[in-house]
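Have a look at the structure below, then the notes.
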Amino acid sequence: MGGQGDELAVEAAKLKQQIRDARKAACDTNLNNETGSVGGLKLSLRARKTLRGHLSKVYSMDWAADSRNLVSASQDGKLIVWDGYTANKIHAIPLRSSWVMTCTYAQSGNFVACGGLDNLCSVYNLKTKEGNVKVTRELHGHSGYLSCCCFLSDKQILTSSGDTTCALWDIETGQQTTSLIGHEGDVNCISLSPDNNTFVSGSCDSNAKLWDIRLGMCTLTFQGHDLDINAIAFMSNGHNFGTGSDDATCRMFDVRSDNEIGIYGNEQIMCGITSVSFSKSGRLLFAGYDDFNCHVWDVLKEDKIHQLVGHENRVSCLSVTDDGMALCTGSWDSFLKIWN
């Protein structure tokens, strides 16, 4: 039995090497070579609004599809829905557990959801007949903390967890319909593709994976980072995605060529990345760092072109609006800032 196991291990190693060789053969160029004639960018962004209301660290935020409202989650035990135009609070939702790590806004604008160390995904209805916000469903099933969640629709939501799995849920029944298994460490982040058919995940195993929701399985695995992947985001074209890691680099991968095509980092930045988001055109990559700043990278040139300074603690989350007109950053200093 031992001999057969050894043979299978050798065969698996050979197959992995064949995959690496095939990837290397397909990677016949890089962004620097292909964009040599493209001009550089100059960028100037200012903080236009500061959202004050949380009393503790802000851990997560998400824009609504209308590019006006947003939701934020803090370890003060509150989920706050904001009007980004006026900086006013629309809803302040008390949470059963203050150890919240993620929040998301449904595309319809009808629901928000959050989760964290309680291992639950709690879905809240913002449009009840009574006018108050209440829990629609608590989704039980993960055996580890909830690291990230994302609505597919008002009836389905996707989650990732410290139990190494991702899961698809039917919100109406409260049942887990698909368990997606493949990572070898905590799954820290997920990002849904524009067509809602696939998503990418990043993990403490330092790998990113592409999953097909329809098949319920992983179709590609992307290697390159040396440490935990904390953040992941699809570009609007659905062909590329960016990652941020504790190894102090952001990277961009292409799902068509199954390759890493860009690395964003320099020797002056030695801290981890907490969050990433692309501009609407895909030319800019915004990344939140442990050094209290948001650094802005030119995706094509792989150069840092701007730095957003203003927070007094770790930038824990950030996101660009669907219309591409504003960026919001959230921080452990308890504030959120809107930039453009």
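The values are calculated or read from the model by the stated rules, or taken from the named source; none is laboratory data. Bear in mind the structure is a predicted one, so any value in this text is a computation, not a measurement. The protein model used for the area step is the full one, side chains on, heavy atoms only, and it has no ligands, DNA or RNA in it. Shrake-Rupley method; radii C 1.70, N 1.55, O 1.52, S 1.80 Å.
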(message) Set the bar at 18 Å for Cα to Cα. Now go through K42/K301; K155/K280; K209/K280; K57/K337; K89/K127 and name every pair that lies beyond it.
(response) K155/K280; K209/K280
(message) Once neighbouring chains are kept in place and the probe is 1.4 Å, which whole percent of the accessible area of the stretch 139-270 is contributed by carbon and sulfur?
(response) 46 percent
(request) Determine ³J(HN,Hα), in whole Hz, for all residues of the stretch 224-231 in sequence, where each value follows from phi through the Karplus function 6.51 cos²θ - 1.76 cosθ + 1.60 and θ = phi - 60°; x replaces Gly and Pro. (result) x, 6, 9, 9, 3, 8, 9, 9
(request) Give the shape of the stretch 190-317 as rounded, prolate or oblate, defined through the alpha-carbon gyration tensor: a ≥ b ≥ c are the square roots of its eigenvalues, a/c under 1.5 means rounded, and otherwise the shape is prolate if a/b is larger than b/c and oblate if not. (result) prolate
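Which three numbers, in whole Å and largest first, are the semi-axes of the equivalent ellipsoid of the chain derived from its Cα gyration tensor as √(5λ)? Intermediate values should be presented prior to the final figure.
Values: eigenvalues 204, 141, 57 Å².
Rounded to whole Å, the semi-axes are 32, 27, 17.
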(request) Using the heavy atoms of the protein chains and a 1.4 angstrom probe, tell me the accessible area per residue for the stretch 255-340 in square angstrom. (result) 38 Å²
(request) Show the residues, 5+ positions off or on another chain, whose built amide H is closer than 5 Å to the amide H of I269. (result) none
(message) List the residues, sorted by chain then number, that are 5 or more residues from C148 or on another chain and whose placed amide H is less than 5 Å from its amide H.
(response) S160
(message) If N is the number of residues in the stretch 18-76, what value comes out of its Cα radius of gyration divided by 2.2 N^0.38 Å?
(response) 2.06
(message) For the stretch 66-177, what does the accessible surface come to per residue with a 1.4 Å probe? Please give it in Å².
(response) 41 Å²
